[in-house]
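Please treat every number below as a calculation from the coordinates, not as lab data. These numbers were taken from a predicted model, which means no experiment stands behind them. Cβ coordinates were reconstructed from backbone atoms using ideal geometry, including for glycine residues, and neighbour counts include every protein chain displayed.
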Amino acid sequence: MIVSPSVYSMHFDNFKEEIEALNKSVEWIHFDVMDGHFVPNLTFGPGILQTFRRNTNLFLDVHLMVSDPDYYSDVFAKAGADSIVFHYEAYNDIDKCAKLLDKIHGMYLKAGISIKPGTPVETVKPLLDKIDIFLMMSVEPGFGGQSFMPEALGRIEELAAYRKEKDLDFIIEVDGGVSDKNAHDLMSRGTDALVAGSFVFNGDIVSNVEKLRRCE
């Protein structure tokens, strides 16, 4: 299982201690990039990612919640991203999404797609043979600290079944309200990577990550 703490919930006034804790306890770090347009909130620019890149060798997992993912894919690739995941709903167009996935792969990065809770998995099945990561949102994107939507479990089962049927190997990542209360259910349905913000950073990071791992 991959644990990918969302730095949206990190305490930046305690950056040194928290990045040290992440370096010794997790595999990935998750960056929620919001532009204030695709979602109402505004978060990180590339300078923040560059700071992390200088302080860690962990996999930097960038989630673009933006209206122009093509532009931002260039920006965050140059800043040191290892993967770039963007939303189908930024385009609502399979061909445009496929073109951007190809572009991200052309920059030698992992590429992925994400969907909001209201978008059927069926909608993006034509893209699933082109991705490395599928990011399933289990809350509405745009704000941290939301409650997990249990209907995501059925969507993950559907996605995992399709992956098996078509012999695909993308990672299923889940973002939104993840904690030790639902981690086992998520993993038992096919989830490979857990994005957790508030749960990881509210308290001792290493201990909270271990609580997630014990759910496996």
| For the stretch 121-216, which chymotrypsin sites (Phe, Trp or Tyr not before Pro) are in a loop by DSSP, counting at most 15 other Cβ atoms within 10 Å? | PHE143
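State the antiparallel share, in %, of DSSP beta bridges confined to the stretch 1-151, rounding to the nearest 5.
If we restrict to bridges inside the stretch 1-151, about 5 percent are antiparallel.
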| field | Of LYS99/LYS164; LYS103/LYS181; LYS16/LYS110; LYS103/LYS166; LYS78/LYS181, those spanning more than 30 Å from alpha-carbon to alpha-carbon | value | LYS103/LYS181; LYS78/LYS181
| field | the stretch 26-115 shape via C-alpha gyration tensor axes, a/c threshold 1.5 | value | oblate
